[in-house]
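Heads up, the thing below is written out as structure tokens.
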Amino acid sequence: MPAEKIEVSTPNFGCGGERCHDAAGSVRKAAEHLGDAPSSGIFGGHAEAQQFHTALDAAHRAHQDDLYGHHTALKLLAAKASTAKQMFTYTDEAGADSLESAAAAFDQ
């Protein structure tokens, strides 16, 4: 059974990690901006409006929590991409060194 060939583009790992990091920053800013947005009192002070404000505030907080969760997930993904890039680079360089060493031994 022939071995499968695997090609890895370490620059793409780096680029993907940077994009995840940038997206994480954007999501964090969106969550902070959403947290700064006033929502209570915009429809008046009557009972129906207060009930609506309560529901709106709960949805608002849930959405903000979701955004912070996405921020965390994107930061973790960016870190994993960076680690993968480093490991593939190290493995590739170590393999190249081993091949050069073996070639030198055969040339003697």
Residue in the stretch 5-14 that is in a loop (DSSP other than H, G, I, E, B), touching a residue at least 40 places away in the same chain (Cβ under 8 Å) and within 30 Å of Y90 (Cα to Cα) present: yes
In the stretch 27-49, the residues that are surrounded by 14 or more Cβ atoms within 10 Å (Cβ to Cβ) and out of contact with any helix residue (DSSP H, G or I) (no Cβ under 6 Å at 6 or more places or on another chain): A49
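Are any residues in the stretch 5-35 among the charged types (D, E, K, R) and at pLDDT 85 or above, and if so, which ones?
Of everything in the stretch 5-35, those that are among the charged types (D, E, K, R) and at pLDDT 85 or above turn out to be E18, R19, D22, R28, K29, E32.
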Meets criteria (among the aromatic types (F, W, Y), touching a helix residue (DSSP H, G or I) at 6+ places or on another chain (Cβ under 6 Å), surrounded by 13 or more Cβ atoms within 10 Å (Cβ to Cβ) and part of a helix (DSSP H, G or I)) for F52: no
Total residues in the stretch 59-86, condition exposed (fewer than 13 other Cβ atoms within 10 Å of the Cβ), of a type in the set (A, V, I, L, M, F, W, C) and over 17 Å from A30 (Cα atoms): 1
Residue in the stretch 5-12 that is closer than 26 Å to T83 by Cα and surrounded by 12 or more Cβ atoms within 10 Å (Cβ to Cβ) present: yes
Single condition P38 does not satisfy, out of (1) out of contact with any Phe, Trp or Tyr (no Cβ under 8 Å at 6 or more places or on another chain); (2) in a helix (DSSP H, G or I): (2)
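The values are calculated or read from the model by the stated rules, or taken from the named source; none is laboratory data. None of these values were measured; they are calculated from a predicted model. Positions of Cβ are backbone-derived with ideal geometry, glycine not excepted, and every protein chain shown enters the neighbour counts.
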